[in-house]
Amino acid sequence: MSNQHTSTLRVPLVSEERTLGQLTEEICAPMERKPSRMWWVAFALAVVTLAVGVGMVTYEVSTGIGVWGLNKTIGWAFDITNFVFWVGIGHAGTLISAILFLFRQKWRTSINRAAEAMTLFAVMCAAIFPVIHMGRPWNAFWVLPYPNDRGSLWVNFRSPLLWDVFAISTYFTISAVFWYFGLIPDLATVRDRVKGGLKKAVFKVLSFGWTGSSRTWHRYETVYLLLAGLATPLVLSVHTIVSFDFATSVIPGWHTTIFPPYFVAGAVFSGFAMVLTLMIITRVVLGFEHLITIRHLENMTKVIIVTGGIVSLAYGTEFFIAWYSGNPYEKFTFMNRAFGPYAWAYWTMVTCNVVSPHLFWFKKVRTSPAAIFVLSLVINVGMWFERFVIIVTSLHRDFLPSSWSMYTPTVVEVGTFVGTFGLFFTLFLLFTRVLPIISIGEVKSVAAFARGSHAPGHASHPAHGSETPHEHPAEAPEPLPTPALAAAVVRKDMPV
Amino acid sequence: MSETTPKYWQSLAARDGDPALLERSRNEFAEELPVGVAAQPADQSSRRDFFKVMGLSAAAAMVACQRAPVQKAVPFLTKPDELTPGLALWYASTCGACSAQCGVLLKTRDGRPIKVEGNAEHPVSRGGVCAVGQASVLSLYDANRSRWPSVGGTKATWASLDQAVTGGLREVAEEGRAIRLVLPWVLGPTAEVAVARFLAAFPTARTVRYDATGELEAIAEAHRLTHGVRVVPDYRFDQAKVIASFGADFLGTWVSPVAFTRQYSAARDAAGTREMSRHWQLEPLMTLTGASADKRVPVAASDLVPALAGLVKRLAQKAGQAVEGLSGVPAPRMDANVLSTLAAELWAAKEKALVVCGGDEPAAQVLTNLANELLGNAGVTVSVSGGLALDAGAMGFGELLAELEAKQVGAVLFHDVNPAYTHPRGEVLAGLLKDVAVTVATSDRLDETASLVRFHAPDHTPLESWGDAEPRRGVLSLRQPVVSPLHETRGMVESLLKWAGVAQSHHDFLRARWEAEVFPRANVATGFQAFWDEAVRQGVAVVLPQPATTESPAFRPESVAAALAGRGVAADEGLELVLYQKVGLRDGALANNGWLQEMPDPISKATWGNYLCVAPATAEKLGISDGQVVRVSTGGKTLAVPALVQPGTHPRALGLAMGYGRTKVGRIGNAVGENAFVLASSTNGKVRRAALGVKLEVTPETRPLALSQIHASMEGRGLVREAELAEFLANPRAGNEAEGGHGGGHPLSIWSGHEYKGHKWALAVDLSACTGCSACVVSCQAENNIPIVGEDEALRQREMHWMRIDRYYEGEPDAPRVVHQPMMCQHCENAPCETVCPVLATVHSTEGLNQQVYNRCVGTRYCANNCPTKVRRFNWFDYKHDEPLERLVLNPDVVVRTRGVMEKCSLCVQRIHEGKAEAKREGRELRDGDIRTACQQSCPARAIHFGDINDPDSDVAKLAKSGRAYRLLEEINIGSAVTYLTKIRNTGNGSAE
């Protein structure tokens, strides 16, 4: 990808002219300066919210699931809704980092790091729920197939919940490896910028002795490509398997073959919305408007239009099949969704997910960060309600009318959900402080100087960039005789 | 500490010895920890609560590391011969929970009774036992029972109490002042003899008979008028071809519901006998009996007597007899054709018809007797001579109140009655009893009445005492103690004898009476000892009736005019309140019983508390919705109760259940609901509990009702299938045509299915027999250690019953048709729960059971979500069995589940194993009927059948092949192991939907 040709007609991905050194400085700056007052306020808020969540979970685990609003008919509600919601959020990271990488979408470079981090944090938030929703969470390890001394006890490989365990853990592992692997060159950059002390030692270990040599870069890129290939099926698998929780059951409204593609599209839809929410804040707060440009935002809104369309189609198909199948239970469930006691939730979902994305057809909306921000929140609300509608409205009125019931969440459930946002933002805010939130190495490859036409006084750089087989040439004020030597020389005192 | 050491005080209150402060200082924590935050409104949790919760959880984490406390099992030094640990002993006895006195078998384990079951050998109840009877075993362990006798509220010894009572009674008798013994109408023959001895010892003593609900009293009073004897006749619903019930809930609460249910279902076994009785029900409120009726006509309470009079007029016309005294009764405000059709049908079934009537009005009972007389039913469906003779010389409670007000009474003894709570003028007792020298109560706790008396001599529970009963003349049912008294209580018979100067134990007295009076009538060749042993073993002895005559006393036609005198005025068109008994709680004597409080009412499906039943049309007119608080005023008294829109209620009728709102029954029953008894009217000593003119005020306030079932319509799903009798006789598959269609065979399966080489357990439920009485629900709860969750949790729809009875309405809300469907785990062949459990905590057994492995369960609730019949129950909390006494009721064969695990019906797997082990021990094949599930055992209607479906000769296999058989949700191929049999109705309409 490094020697790919970029048309001058294209809007530049880095909108302002920056030297490579400036880029490094800019991206590393948030880690190196003292946190701003705003960061502290945000962090305090996030930690307090997290503490609320911890308190709620502690109370729930010590007292019993009864502190939630569930009942004999409705066994899942907020817990699994939140689980699917967060897993869905976690989808954008892999999509951006793996699929867009394979499709050579260069615009991913300035958002992939943060999106991947978001993925990890979202999956962490998601993983809380399958554990705490158990009646006896201290026995959660029983879902793992490990050799044990409890006789012939084993796990049930027919259970979609077990598939979830594998799907989520695999997804988390691959995402974490992929994210970490992509971080290594940047970790070395940070290592080289740090003067000394503990921080230096830590980054030294974390950067795995990165030298920035041509051979290192070569291997790095090969492995990155392979990992991207490995992660790609996961984009489809995770939410497919999550949807199996419902699709393989017998409950009308759950028992639906359309669920796997529907869930994947919904996950990408919500994931991109969440990336937008975070990126719009980040670019303003950290002054990265030239790195995360309107074009980035616009591209993401286009993905939202597409996935939103798929989701809308799925909603329609569900209703069509409910009618076309002639299955009275299914027909009832869908009529009940749209016109029953939870109709408000259904129509909230439709408004947010079906109607609101279409505003992105307007360029004005698509290019206004404020409008995008609002709509991204709306979509996330809609996607949360989608899962709520699927889970609760299907369960609350199933086959036998005698057990029909209603569900109202308790303070504990709402508090736990809010608490996961606390966890998410605590982690994300820490992330902005300790790691470069934009891939320094990758963003340089799409910087203006790499485009050849308007190199601002570093005449050698365009040539350098196009000559070397790497996209990450070592930045140096002066051209150096050979890349290998450059690396060897620069390593000592220069940021890579 | 020396006397001179100065005592420093903390505050003025401490210095003055403020008792409240002292009490507080004994507690480690000044305030109680808030439990159930979910129950609190959000704005009530404070910072303090937050820290408490945090601190508690940190402490909990550390406490969890503690070793489990060592518990020691102490073996017997000398083991009783009959006791084998792990084996249950069964004793035949007589239920004492209500006046029906059914025969029961009591299961004891290691010396403690744990289960009440029906005694199939008993000629009256014939194997059934109702929910109340089942629950009486829990009342034995009620922690709020009195543990010792007391005098003036302080603990006393029996000797000192006896001395004081005897002395007091002698003194009163010597002064010639009245001694009054307030008793229930039904005591049992031996207890009656003891009462007679007491009366003989104190010449000024008389009995006062009290009936909280007035039903027995009205029947007895009417028979006194019409036949000259105070008797509750022996009804034979199995002999009746046409039954007309005017507000009598004979399947639920009236006289002897278990026996009547057995008889009723025997006469309605369309599949077996090809015949079916026709059941008419005219009633103001929707009752359990009305729900089973073929023809149900809502009639206002004030129109019951006019309706009966109208019926009698028509019957008299057909009989060609003239009846005096009916002219004054106004015409009933109902469709006259109903009465004409009913009269014609009754007349056609002449001699094999039966008219019964509920309520507390003797006039209505007199008309009922007249109707039966005109139909010639005497001796066939209703037998006065075979009935239960009641105390002929007793005074009414109204007379006692008058005497008390006149200060003529020197001593009052209350036994098994609670007028301070159940009488509309109960509140005056407190003042009146102050002027009585000797006041005694033998109730099992310091209840509303007992707390007003000086001497409290607590009686045994029926499970701890000897006794007998004569539910039908000549059928002597024996009661034996199955556990030695838990507390320092003493049988009431023994107390009475002691005070009367007879030093004989209850057992000796009973045995002596049986030897002298019962044995000679027994007509057996053996000696008395053998007869007695056999009677104790069987729990019942059938002897020659005493008096031996079966001649029924003649009907006195002149009584009708007397009974109906002054009934000329038609009631106004206003709303009428009817106080009724719920199937679970009846008159509220067992209000401290959690099983009964939590048993969903068979009709309204409400648990915990009472509510005003309002007809849908009336509710719409007045703007009343479910749970809306209404203020009911009558006779200067007002109650604020939540309303419940009850289909089938007559538009002018309002129903409020008695038995709630107790104040001194114990921690479970106190302050549950409102006391409806206070709304009854009491004029001239006559209490009326129906057709009370009331004023209704609708308030904006709401009080949620803990309903176990919210939705009442079947939504057109073929869950309960039914057919009309004529259709069924022509085609056994009538109403069940869908069965075996697309649902029957799923031809395409890539899996061969489970293989059952040995047994395959299955259930069959006869929806035609099931009346919905819910005896099975409580039986299941007792057998399987199912916790009581309480009102708050029931409001959240988290009751734990493994077995429930679904109730659906169909048709017009004002006169709906009702169906009941017992619902338990269906033990599906392709169980949706089994595939989804990640840890294999629910698995299929080799005998077709769907088994739940509690200690493997991690509680994902996925199985419950995926259960199409929603029969799985989750332990939302640790349902504490923390009252040591109440813990004794637990069945040791069934594990008590911890929080966080799923549970459900196991088809009584412990009974299956017991049955198999027993057969193996005896070296024989298991026979059909060896194993009976708890629900099956107690069903008075025999609607539930259990057995091995692999055995083609078994009951259940035959039923599963019958034309009436269908399985739920065949279309999703769950392969239910429970077969339902279509409901057959005999409405005579020719076609059913």
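The values are calculated or read from the model by the stated rules, or taken from the named source; none is laboratory data. All values derive from a computational prediction rather than experimental measurement. Here the Cβ is made from the backbone with ideal geometry for all residues, glycine too, and neighbour counts use every protein chain on show.
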task: Consider residue B:712 carefully, then state whether it is touching a residue at least 24 places away in the same chain (Cβ under 8 Å), small (Gly, Ala, Ser) and within 14 Å of chain A (Cβ to nearest Cβ).
output: yes
message: Can you find, within the range B:915-937, the residue that is farthest from residue B:105 (Cα to Cα) among those that are assigned to a loop (DSSP other than H, G, I, E, B) and touching a residue at least 40 places away in the same chain (Cβ under 8 Å)?
response: B:926
task: For the range A:305-328, indicate whether the set of residues that are within 25 Å of residue A:113 (Cα to Cα), of a type in the set (A, V, I, L, M, F, W, C) and modelled with pLDDT of 90 or more is non-empty.
output: yes
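For every residue, the table says whether it meets (1) within 27 Å of residue B:442 (Cβ to Cβ); (2) at pLDDT 90 or above; (3) assigned to a loop (DSSP other than H, G, I, E, B).
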position	(1), (2), (3)
B:182	yes, yes, no
B:254	yes, yes, yes
B:261	no, yes, no
B:286	no, yes, yes
field: In the range B:314-340, the residues that are among the basic types (Lys, Arg) and more than 15 Å from residue B:300 (Cα to Cα)
entry: B:314, B:318
- request: Kindly indicate whether any position in the range B:905-914 is part of a loop (DSSP other than H, G, I, E, B), surrounded by fewer than 21 Cβ atoms within 10 Å (Cβ to Cβ), away from every other protein chain (no Cβ under 14 Å) and of a type in the set (Asp, Glu).
  value: no
- request: Scan (1) touching a helix residue (DSSP H, G or I) at 6+ places or on another chain (Cβ under 8 Å); (2) surrounded by fewer than 24 Cβ atoms within 10 Å (Cβ to Cβ); (3) not small (Gly, Ala, Ser) for the single condition residue B:408 breaks and write down its number.
  value: (1)
- request: Tell me, please, whether a residue that is more than 14 Å from chain A (Cβ to nearest Cβ), in contact with a Pro (Cβ under 7 Å, 6 or more places away or on another chain) and either assigned to a loop (DSSP other than H, G, I, E, B) or among the charged types (D, E, K, R) (or both) can be found in the range B:964-986.
  value: yes
task: Kindly state which helices (runs of 4 or more DSSP H) lie completely within the range A:13-111 and contain at least 1 residues that are within 14 Å of chain B (Cβ to nearest Cβ).
output: A:37-63, A:78-89
- request: For residue B:224, state whether it is assigned to a helix (DSSP H, G or I) and within 32 Å of the chain's Cα centre (by Cα).
  value: yes
field: Any chance residue B:818 is surrounded by 22 or more Cβ atoms within 10 Å (Cβ to Cβ), in contact with a strand residue (DSSP E or B) (Cβ under 9 Å, 6 or more places away or on another chain), within 14 Å of another protein chain (Cβ to nearest Cβ) and outside any loop (DSSP other than H, G, I, E, B)
entry: yes
- request: Look through B:294, B:303, B:360 and report the one residue that is crowded, with 24+ Cβ neighbours inside 10 Å and either within 24 Å of residue B:220 (Cα to Cα) or in contact with a His (Cβ under 9 Å, 6 or more places away or on another chain) (or both).
  value: B:303
- request: Give the residues of the range A:96-120 that are surrounded by fewer than 24 Cβ atoms within 10 Å (Cβ to Cβ) and either in contact with a strand residue (DSSP E or B) (Cβ under 8 Å, 6 or more places away or on another chain) or of a type outside the set (Lys, Arg) (or both), sorted by residue number.
  value: A:99, A:100, A:102, A:103, A:105, A:107, A:117, A:120
- request: Being more than 30 Å from the chain's Cα centre (by Cα) and either outside any helix (DSSP H, G or I) or among the β-branched types (Val, Ile, Thr) (or both) is the filter here, so list the residues in the range A:317-368 that pass it.
  value: A:321, A:325, A:326, A:327, A:333, A:340, A:341
query: Got a sec? Which of A:316, A:309, A:271 is surrounded by 21 or more Cβ atoms within 10 Å (Cβ to Cβ) and either away from every other protein chain (no Cβ under 14 Å) or not basic (Lys, Arg) (or both)?
result: A:271
message: I'd like to know if the range B:729-751 contains one or more residues that are among the aliphatic types (A, V, I, L, M) and either touching a Cys at 6+ places or on another chain (Cβ under 6 Å) or assigned to a strand (DSSP E or B) (or both).
response: no
statement: Selection from the range A:170-225 of residues of a type in the set (Phe, Trp, Tyr) and part of a loop (DSSP other than H, G, I, E, B) yields A:208, A:210
query: What number of residues in the range B:307-343 are buried (at least 24 other Cβ atoms within 10 Å of the Cβ) and not hydrophobic (A, V, I, L, M, F, W, C)?
result: 1
- request: Looking at (1) within 14 Å of chain B (Cβ to nearest Cβ); (2) in a helix (DSSP H, G or I), find the lone condition where residue A:407 falls short.
  value: (2)
- prompt: For residue B:797, are the conditions met, namely being out of contact with any strand residue (DSSP E or B) (no Cβ under 6 Å at 6 or more places or on another chain) and within 11 Å of chain A (Cβ to nearest Cβ)?
  reply: yes
message: It is to be established whether one or more residues within the range B:348-357 are surrounded by 24 or more Cβ atoms within 10 Å (Cβ to Cβ), outside the structural domain of residue B:657 (by TED's automatic domain parsing), outside any helix (DSSP H, G or I) and at pLDDT below 90.
response: no
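If we keep just the residues of the range B:235-246 that are buried (at least 22 other Cβ atoms within 10 Å of the Cβ) and touching a Ser or Thr at 6+ places or on another chain (Cβ under 8 Å), which is nearest to residue B:398 (Cα to Cα)?
So, considering only residues that are buried (at least 22 other Cβ atoms within 10 Å of the Cβ) and touching a Ser or Thr at 6+ places or on another chain (Cβ under 8 Å), the one nearest to residue B:398 (Cα to Cα) is B:246.
Table: residues versus (1) within 14 Å of chain A (Cβ to nearest Cβ); (2) polar (S, T, N, Q); (3) in contact with a helix residue (DSSP H, G or I) (Cβ under 8 Å, 6 or more places away or on another chain); (4) in a loop (DSSP other than H, G, I, E, B).
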site	(1), (2), (3), (4)
B:858	yes, no, yes, yes
B:868	yes, no, yes, yes
B:871	yes, no, no, yes
B:879	yes, no, no, yes
B:882	no, no, no, yes
B:888	no, no, no, no
B:893	no, no, yes, yes
B:896	no, no, no, yes
B:900	yes, no, yes, yes
